[in-house]
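Readers should treat all values here as calculations from the given coordinates under stated rules, not as data from a laboratory. Just so you know, these numbers come straight off a predicted model, no measurement behind them. Quick reminder, even Gly has a Cβ in these numbers, built from the backbone with ideal geometry, and neighbours come from all protein chains shown.
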Amino acid sequence: MSRNIFLVLFSIVMFSCNQQSPSHHFKNANAKYELKNYAGAVEDLNRAIELNDTYKDAYYLRALSFTKMDDPENALNDFNKVIEIDPLFADAYLNRAFYARTALKNYKGAIDDYNKYLELEPDGNRAYALNNRGFSKFKLKNYSGALADIDESLQINPGNAYAYRNRALIHIEIDSIPDACKDLHLADSLGFEKEYGNEVSELISNFCQ
């Protein structure tokens, strides 16, 4: 009888420990993230990190959750922590560049992150990184560098409407309106408005009539 009681108590203790494990909270957070319950995911990730303050995946998922909640400051802090724990985690640089540093208008920092990503993953999501690095260079008025990056990005992925929009903005800035209109019409034909809104249509109305 006492042995059976011991086994029951042992099972209860083990179940309780599992319920309090960092991985348990992480799994719950991941499920909530997939359901777009980002605030709920953050709550579970907070618990996971309280139990294991070097839990890289928890910091990373929390950073992504913050980006979905339009909170680039907290996302930046968590991406920084991920990179502190694992300096070779390429996607952390890529996402910190776009979702945190670009959102906070730190374009020089974003360029540094895109450079690091491309160094770590030369065969990774190169078109995406180049397009967004080009946009950061554009914001810093490095128009030739911006065009070079976006041209290369479009060579890799010629179906990216957003890259044509970005290149059009550069052409407008350097007063190359025919080239801008060509890119704006390409962006429009590739479904920019359905995916991103009416910015391209407005630019066509303003510059290409």
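Here are the numbers for this structure:
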read-out	value
Overall Cα dimensions of region 51-191, principal axis frame, Å, largest first	58, 29, 27
Spin-label model distance (nm) - residue 119 vs residue 189, 7 Å beyond Cα toward Cβ	4.0
Under the Karplus curve 6.51 cos²θ - 1.76 cosθ + 1.60, θ = phi - 60°, whole-Hz ³J(HN,Hα) for region 175-191, x wherever Gly or Pro sits	6, 10, 5, x, 5, 4, 5, 4, 5, 5, 5, 5, 4, 5, 5, 8, x
Förster radius 41 Å - calculated FRET efficiency between residue 209 and residue 21 (Cβ-Cβ, nearest 0.05)	0.10
Additional length obtainable on full extension of the chain from residue 182 to residue 108, 0.36 nm per residue less Cα span	23.7 nm
Residue 151-residue 77 FRET efficiency (beta carbon distance; Förster radius 22 Å; 0.05 resolution)	0.05
Lysines whose Cα lies under 20 Å from that of residue 137, excluding same-chain neighbours fewer than 8 positions away	105, 108, 116
